[in-house]
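Engineer: Just dropping this structure here.
The values are calculated or read from the model by the stated rules, or taken from the named source; none is laboratory data. Quick caveat: nothing in here was measured; it's all calculated off a predicted structure. Glycine also receives a Cβ, built like all others from the backbone with ideal geometry; neighbour counts cover every protein chain displayed. Heavy atoms of the whole protein, side chains included, go into the accessibility calculation; ligands, DNA and RNA do not. Shrake-Rupley method; radii C 1.70, N 1.55, O 1.52, S 1.80 Å.
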Amino acid sequence: EQGQPLVELHPDQYREQLRQAEAGFRINEARLRQANARLTETESQARRTRSLAEQNLVSEFDLEALAAQVESARANVALAEAQLEQSAANAAGRRDQLAKTVVRAPIAGIVGERNAEVGMQATPATPLFTIGNLDRLKVRVDLTDKMLRYLAAGQPVRLLVEDGDGKASGLSATLTRISPFLNDVSRSTEAEIEIDNADRLLRPGMFVPVDIYYGQSQQATLIPTSALYTDQNTGRVGVFVVSGPMPAAIDSPTLA
(Lines give C-alpha, C1' and ligand atoms only; values in the text may rest on other atoms or scores of the structure.)
Protein backbone atom coordinates (compact mmCIF):
# COMPACT_ATOMS: atom_id res chain seq x y z
CA GLU A 1 0.00 0.00 0.00
CA GLN A 2 1.05 3.59 -0.46
CA GLY A 3 3.14 4.74 2.50
CA GLN A 4 3.96 1.21 3.65
CA PRO A 5 7.56 0.88 4.99
CA LEU A 6 9.88 -1.04 2.68
CA VAL A 7 13.41 -0.40 3.98
CA GLU A 8 14.84 1.04 7.19
CA LEU A 9 18.23 2.73 7.07
CA HIS A 10 20.47 3.14 10.11
CA PRO A 11 19.15 6.35 11.73
CA ASP A 12 21.79 6.96 14.43
CA GLN A 13 23.69 9.67 12.54
CA TYR A 14 20.52 11.53 11.54
CA ARG A 15 19.00 11.21 14.99
CA GLU A 16 22.11 12.82 16.55
CA GLN A 17 22.06 15.62 13.96
CA LEU A 18 18.41 16.30 14.79
CA ARG A 19 19.20 16.38 18.52
CA GLN A 20 21.92 18.99 17.93
CA ALA A 21 19.64 21.05 15.66
CA GLU A 22 16.86 21.06 18.25
CA ALA A 23 19.37 22.11 20.94
CA GLY A 24 20.50 24.98 18.71
CA PHE A 25 16.87 25.99 18.28
CA ARG A 26 16.34 26.14 22.04
CA ILE A 27 19.51 28.20 22.46
CA ASN A 28 18.39 30.74 19.86
CA GLU A 29 14.95 30.80 21.44
CA ALA A 30 16.53 31.78 24.77
CA ARG A 31 18.67 34.40 23.03
CA LEU A 32 15.56 35.94 21.51
CA ARG A 33 13.88 36.19 24.91
CA GLN A 34 17.06 37.76 26.26
CA ALA A 35 17.15 40.30 23.42
CA ASN A 36 13.47 41.19 23.90
CA ALA A 37 14.05 41.71 27.62
CA ARG A 38 17.05 43.91 26.93
CA LEU A 39 15.01 45.96 24.42
CA THR A 40 12.16 46.41 26.91
CA GLU A 41 14.61 47.57 29.57
CA THR A 42 16.36 50.00 27.21
CA GLU A 43 13.07 51.48 25.94
CA SER A 44 11.87 51.98 29.52
CA GLN A 45 15.11 53.72 30.40
CA ALA A 46 14.78 55.89 27.29
CA ARG A 47 11.30 57.02 28.30
CA ARG A 48 12.54 58.06 31.75
CA THR A 49 15.50 59.88 30.21
CA ARG A 50 13.29 61.81 27.79
CA SER A 51 11.12 62.86 30.74
CA LEU A 52 14.19 64.17 32.56
CA ALA A 53 15.42 65.86 29.38
CA GLU A 54 12.20 67.85 29.22
CA GLN A 55 13.12 69.22 32.67
CA ASN A 56 16.67 69.99 31.51
CA LEU A 57 18.04 67.39 33.95
CA VAL A 58 19.81 65.28 31.29
CA SER A 59 22.23 66.48 28.65
CA GLU A 60 21.53 66.11 24.92
CA PHE A 61 24.55 63.83 24.61
CA ASP A 62 23.15 61.34 27.13
CA LEU A 63 19.79 61.38 25.34
CA GLU A 64 21.41 60.59 21.98
CA ALA A 65 23.54 57.85 23.52
CA LEU A 66 20.46 56.22 25.00
CA ALA A 67 18.63 56.42 21.66
CA ALA A 68 21.55 54.60 20.04
CA GLN A 69 21.29 51.88 22.71
CA VAL A 70 17.60 51.43 21.87
CA GLU A 71 18.40 50.99 18.16
CA SER A 72 21.13 48.51 19.03
CA ALA A 73 18.72 46.52 21.21
CA ARG A 74 16.18 46.43 18.36
CA ALA A 75 18.88 45.19 15.99
CA ASN A 76 19.78 42.46 18.48
CA VAL A 77 16.13 41.35 18.56
CA ALA A 78 15.99 41.21 14.75
CA LEU A 79 19.24 39.22 14.70
CA ALA A 80 17.93 36.80 17.33
CA GLU A 81 14.70 36.33 15.38
CA ALA A 82 16.65 35.54 12.19
CA GLN A 83 18.88 33.08 14.04
CA LEU A 84 15.82 31.41 15.54
CA GLU A 85 14.20 31.12 12.09
CA GLN A 86 17.42 29.67 10.69
CA SER A 87 17.70 27.10 13.46
CA ALA A 88 14.02 26.16 13.02
CA ALA A 89 14.63 25.51 9.30
CA ASN A 90 17.75 23.50 10.16
CA ALA A 91 15.81 21.38 12.66
CA ALA A 92 13.03 20.80 10.11
CA GLY A 93 15.59 19.66 7.55
CA ARG A 94 17.19 17.26 10.02
CA ARG A 95 13.76 15.96 10.98
CA ASP A 96 12.97 15.35 7.31
CA GLN A 97 16.28 13.51 6.84
CA LEU A 98 15.50 11.29 9.82
CA ALA A 99 12.06 10.51 8.40
CA LYS A 100 13.69 9.46 5.13
CA THR A 101 15.64 6.73 6.88
CA VAL A 102 12.41 4.76 6.47
CA VAL A 103 11.82 4.28 2.75
CA ARG A 104 8.11 3.97 2.04
CA ALA A 105 6.16 2.88 -1.01
CA PRO A 106 5.36 5.96 -3.13
CA ILE A 107 2.32 4.28 -4.70
CA ALA A 108 0.04 1.33 -4.09
CA GLY A 109 1.07 -1.54 -6.34
CA ILE A 110 3.07 -4.73 -6.73
CA VAL A 111 6.77 -5.16 -5.97
CA GLY A 112 8.29 -6.48 -9.18
CA GLU A 113 11.97 -6.36 -8.20
CA ARG A 114 13.93 -5.98 -4.97
CA ASN A 115 17.53 -4.79 -5.06
CA ALA A 116 17.78 -3.90 -1.37
CA GLU A 117 19.75 -6.29 0.82
CA VAL A 118 20.56 -6.22 4.53
CA GLY A 119 23.85 -4.46 5.16
CA MET A 120 24.21 -2.80 1.77
CA GLN A 121 25.11 0.89 1.47
CA ALA A 122 22.37 2.97 -0.10
CA THR A 123 22.65 6.37 -1.73
CA PRO A 124 19.95 8.56 -3.31
CA ALA A 125 20.96 7.04 -6.68
CA THR A 126 20.58 3.43 -5.50
CA PRO A 127 17.42 1.72 -6.84
CA LEU A 128 15.93 -0.32 -4.00
CA PHE A 129 12.63 -1.60 -5.40
CA THR A 130 10.67 -1.62 -8.62
CA ILE A 131 6.97 -1.08 -7.89
CA GLY A 132 4.16 -0.81 -10.40
CA ASN A 133 0.41 -0.49 -10.39
CA LEU A 134 -0.95 -2.80 -13.10
CA ASP A 135 -4.62 -1.84 -12.74
CA ARG A 136 -4.33 0.49 -15.72
CA LEU A 137 -1.61 0.38 -18.37
CA LYS A 138 -0.47 2.28 -21.45
CA VAL A 139 0.11 0.51 -24.74
CA ARG A 140 2.50 2.34 -27.07
CA VAL A 141 2.01 1.96 -30.81
CA ASP A 142 4.32 3.17 -33.59
CA LEU A 143 2.52 4.92 -36.43
CA THR A 144 3.88 5.89 -39.83
CA ASP A 145 3.19 9.26 -41.41
CA LYS A 146 0.74 7.65 -43.84
CA MET A 147 -1.29 6.17 -40.99
CA LEU A 148 -1.87 9.63 -39.56
CA ARG A 149 -4.19 10.41 -42.46
CA TYR A 150 -6.71 7.91 -41.16
CA LEU A 151 -6.15 7.87 -37.40
CA ALA A 152 -7.20 10.24 -34.65
CA ALA A 153 -7.53 10.13 -30.89
CA GLY A 154 -10.76 8.53 -29.72
CA GLN A 155 -10.94 5.84 -32.40
CA PRO A 156 -11.76 2.32 -31.16
CA VAL A 157 -8.97 -0.26 -30.88
CA ARG A 158 -8.78 -3.92 -30.03
CA LEU A 159 -5.87 -5.80 -28.48
CA LEU A 160 -5.40 -9.54 -28.95
CA VAL A 161 -4.01 -11.14 -25.78
CA GLU A 162 -3.55 -14.79 -24.80
CA ASP A 163 -4.51 -15.89 -21.30
CA GLY A 164 -2.75 -18.53 -19.21
CA ASP A 165 -4.48 -21.37 -21.10
CA GLY A 166 -3.34 -20.06 -24.48
CA LYS A 167 -6.78 -18.80 -25.41
CA ALA A 168 -6.87 -15.49 -27.25
CA SER A 169 -8.92 -12.71 -25.72
CA GLY A 170 -9.81 -9.40 -27.27
CA LEU A 171 -9.58 -6.25 -25.16
CA SER A 172 -11.45 -3.19 -26.35
CA ALA A 173 -10.20 0.35 -25.74
CA THR A 174 -9.76 3.67 -27.53
CA LEU A 175 -6.79 5.47 -29.00
CA THR A 176 -5.95 7.91 -26.21
CA ARG A 177 -3.45 10.27 -27.80
CA ILE A 178 -1.11 10.62 -30.79
CA SER A 179 2.16 12.52 -30.68
CA PRO A 180 2.29 15.20 -33.42
CA PHE A 181 6.08 14.92 -33.75
CA LEU A 182 7.63 12.52 -36.28
CA ASN A 183 11.03 10.92 -35.91
CA ASP A 184 13.52 12.46 -38.36
CA VAL A 185 14.90 9.06 -39.38
CA SER A 186 12.01 6.60 -39.22
CA ARG A 187 9.30 9.16 -40.10
CA SER A 188 7.10 7.55 -37.48
CA THR A 189 5.43 8.76 -34.31
CA GLU A 190 4.01 7.18 -31.18
CA ALA A 191 0.44 6.74 -30.05
CA GLU A 192 -0.83 5.66 -26.63
CA ILE A 193 -3.72 3.46 -25.64
CA GLU A 194 -4.81 3.57 -22.00
CA ILE A 195 -6.56 0.36 -21.00
CA ASP A 196 -7.94 -1.21 -17.84
CA ASN A 197 -6.01 -4.29 -16.76
CA ALA A 198 -8.03 -5.62 -13.84
CA ASP A 199 -7.74 -9.19 -15.19
CA ARG A 200 -3.94 -8.90 -15.37
CA LEU A 201 -3.85 -10.12 -18.96
CA LEU A 202 -1.26 -7.49 -19.85
CA ARG A 203 2.25 -7.16 -18.41
CA PRO A 204 4.75 -4.32 -18.81
CA GLY A 205 7.12 -5.11 -21.66
CA MET A 206 4.71 -7.38 -23.58
CA PHE A 207 4.16 -7.19 -27.33
CA VAL A 208 0.52 -7.46 -28.40
CA PRO A 209 -1.23 -7.18 -31.78
CA VAL A 210 -3.34 -4.03 -32.01
CA ASP A 211 -6.16 -3.32 -34.45
CA ILE A 212 -7.21 0.31 -34.84
CA TYR A 213 -10.62 0.70 -36.46
CA TYR A 214 -10.75 3.79 -38.63
CA GLY A 215 -13.60 2.71 -40.90
CA GLN A 216 -16.62 0.87 -39.52
CA SER A 217 -20.11 0.30 -40.84
CA GLN A 218 -23.10 -1.45 -39.33
CA GLN A 219 -24.29 -2.34 -42.87
CA ALA A 220 -21.03 -3.79 -44.21
CA THR A 221 -21.21 -7.08 -46.10
CA LEU A 222 -18.79 -9.70 -44.80
CA ILE A 223 -17.28 -12.23 -47.16
CA PRO A 224 -14.69 -14.97 -46.67
CA THR A 225 -11.19 -14.33 -47.92
CA SER A 226 -11.57 -17.36 -50.20
CA ALA A 227 -14.11 -15.36 -52.22
CA LEU A 228 -11.47 -12.83 -53.30
CA TYR A 229 -10.32 -13.18 -56.91
CA THR A 230 -7.26 -11.67 -58.56
CA ASP A 231 -7.44 -10.93 -62.25
CA GLN A 232 -4.25 -12.31 -63.80
CA ASN A 233 -4.31 -9.78 -66.61
CA THR A 234 -4.88 -6.56 -64.66
CA GLY A 235 -3.92 -7.59 -61.11
CA ARG A 236 -7.25 -6.24 -59.91
CA VAL A 237 -8.60 -7.88 -56.74
CA GLY A 238 -12.35 -8.23 -56.20
CA VAL A 239 -15.29 -10.58 -55.98
CA PHE A 240 -17.78 -11.83 -58.56
CA VAL A 241 -21.21 -10.31 -58.13
CA VAL A 242 -24.45 -10.92 -60.00
CA SER A 243 -26.52 -7.95 -61.06
CA GLY A 244 -30.24 -8.36 -61.59
CA PRO A 245 -32.27 -11.53 -61.03
CA MET A 246 -30.35 -14.72 -60.39
CA PRO A 247 -30.25 -16.62 -63.75
CA ALA A 248 -30.19 -20.36 -64.11
CA ALA A 249 -26.67 -20.18 -65.50
CA ILE A 250 -24.05 -17.44 -65.40
CA ASP A 251 -22.10 -16.98 -68.60
CA SER A 252 -20.04 -13.85 -67.84
CA PRO A 253 -20.17 -12.65 -64.23
CA THR A 254 -18.92 -9.18 -63.41
CA LEU A 255 -15.78 -8.64 -61.30
CA ALA A 256 -16.34 -5.97 -58.65
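Engineer: Which residues, counting only those in the range 116-145, are under 21 Å from residue 176 (Cβ atoms) and either assigned to a loop (DSSP other than H, G, I, E, B) or of a type in the set (Lys, Arg) (or both)? Reasoning before the result, please.
Structural biologist: Narrowing the range 116-145 to residues under 21 Å from residue 176 (Cβ atoms): 132-145.
Of everything in the range 116-145, those that are under 21 Å from residue 176 (Cβ atoms) and either assigned to a loop (DSSP other than H, G, I, E, B) or of a type in the set (Lys, Arg) (or both) turn out to be 133, 134, 135, 136, 138, 140, 145.
Engineer: Can you tell me which residue within the range 194-240, out of those that are in a strand (DSSP E or B) and of a type outside the set (A, V, I, L, M), is least open to solvent (accessible area, probe 1.4 Å)? Let's see the steps before the verdict.
Structural biologist: First, the residues of the range 194-240 that are in a strand (DSSP E or B): 194-196, 210-212, 229-230, 237-238, 240.
The next check asks that each one be of a type outside the set (A, V, I, L, M); those that pass are 194, 196, 211, 229-230, 238, 240.
On the way: 194: 53, 196: 104, 211: 89, 229: 91, 230: 63, 238: 8, 240: 108 Å².
The residue in question is 238.
Engineer: Here are some residues: 1, 43, 54. Which one is open to solvent by less than 70 Å² (accessible area, probe 1.4 Å), acidic (Asp, Glu) and either over 30 Å from residue 106 (Cβ atoms) or modelled with pLDDT of 90 or more (or both)?
Structural biologist: Numbers: 1 fails: open to solvent by less than 70 Å² (accessible area, probe 1.4 Å); 54 fails: open to solvent by less than 70 Å² (accessible area, probe 1.4 Å).
Only one candidate passes the filter, namely 43.
Engineer: Checking the conditions here, which among 85, 113 is acidic (Asp, Glu) and either assigned to a helix (DSSP H, G or I) or within 25 Å of residue 13 (Cβ to Cβ) (or both)?
Structural biologist: 85
Engineer: Additional query: Which is among the aliphatic types (A, V, I, L, M) and open to solvent by 50 Å² or more (accessible area, probe 1.4 Å), of 82, 30?
Structural biologist: 82
Engineer: Need pairs with beta-carbon distance below 7 Å; first residue closer than 10 Å to residue 133 by Cβ and within the range 95-109, second surrounded by 13 or more Cβ atoms within 10 Å (Cβ to Cβ) and not acidic (Asp, Glu); sequence gap 6+ or separate chains.
Structural biologist: Close Cβ pairs (under 7 Å, with a partner that is surrounded by 13 or more Cβ atoms within 10 Å (Cβ to Cβ) and not acidic (Asp, Glu)) amount to 107/131; 109/131; 109/132.
Engineer: For the range 172-183, give me the residue count where each residue is within 18 Å of residue 197 (Cα to Cα) and either open to solvent by 30 Å² or more (accessible area, probe 1.4 Å) or of a type in the set (D, E, K, R) (or both).
Structural biologist: Filtering the range 172-183 down to residues within 18 Å of residue 197 (Cα to Cα) leaves 172-176.
Retained after the next criterion (residues that are either open to solvent by 30 Å² or more (accessible area, probe 1.4 Å) or of a type in the set (D, E, K, R) (or both)): 172, 174, 176.
Result for the range 172-183: 3.
Engineer: Regarding the range 150-157, can at least one residue be identified that is at pLDDT 90 or above, in contact with a Lys or Arg (Cβ under 6 Å, 6 or more places away or on another chain) and in a strand (DSSP E or B)?
Structural biologist: Scanning the range 150-157 turns up no residue that is at pLDDT 90 or above, in contact with a Lys or Arg (Cβ under 6 Å, 6 or more places away or on another chain) and in a strand (DSSP E or B).
Engineer: Just give me the residues in the range 88-103 being closer than 16 Å to residue 11 by Cβ and not hydrophobic (A, V, I, L, M, F, W, C), in sequence order.
Structural biologist: Within the range 88-103, 93, 94, 95, 96, 97, 100, 101 meet the criteria.
Engineer: Here is a further query. On the given criteria, is residue 71 within 40 Å of the chain's Cα centre (by Cα), part of a helix (DSSP H, G or I) and of a type in the set (Asp, Glu)?
Structural biologist: No.
Engineer: When you check residue 18 against the structure, is it touching a Pro at 6+ places or on another chain (Cβ under 8 Å), assigned to a helix (DSSP H, G or I) and under 29 Å from residue 128 (Cα atoms), yes or no?
Structural biologist: Numbers: touching a Pro at 6+ places or on another chain (Cβ under 8 Å): no; assigned to a helix (DSSP H, G or I): yes; under 29 Å from residue 128 (Cα atoms): yes.
Answer is no for this residue.
Engineer: Could you say whether any residue in the range 93-105 is open to solvent by 70 Å² or more (accessible area, probe 1.4 Å), out of contact with any Ser or Thr (no Cβ under 8 Å at 6 or more places or on another chain), closer than 30 Å to residue 194 by Cα and modelled with pLDDT of 90 or more?
Structural biologist: Scanning the range 93-105, I find at least one residue that is open to solvent by 70 Å² or more (accessible area, probe 1.4 Å), out of contact with any Ser or Thr (no Cβ under 8 Å at 6 or more places or on another chain), closer than 30 Å to residue 194 by Cα and modelled with pLDDT of 90 or more, so the answer is yes.
Engineer: Confirm whether residue 189 is among the β-branched types (Val, Ile, Thr) and open to solvent by 40 Å² or more (accessible area, probe 1.4 Å). Working first, answer last.
Structural biologist: On the way: among the β-branched types (Val, Ile, Thr): yes; open to solvent by 40 Å² or more (accessible area, probe 1.4 Å): no.
Spelling it out, it is not the case that residue 189 is among the β-branched types (Val, Ile, Thr) and open to solvent by 40 Å² or more (accessible area, probe 1.4 Å).
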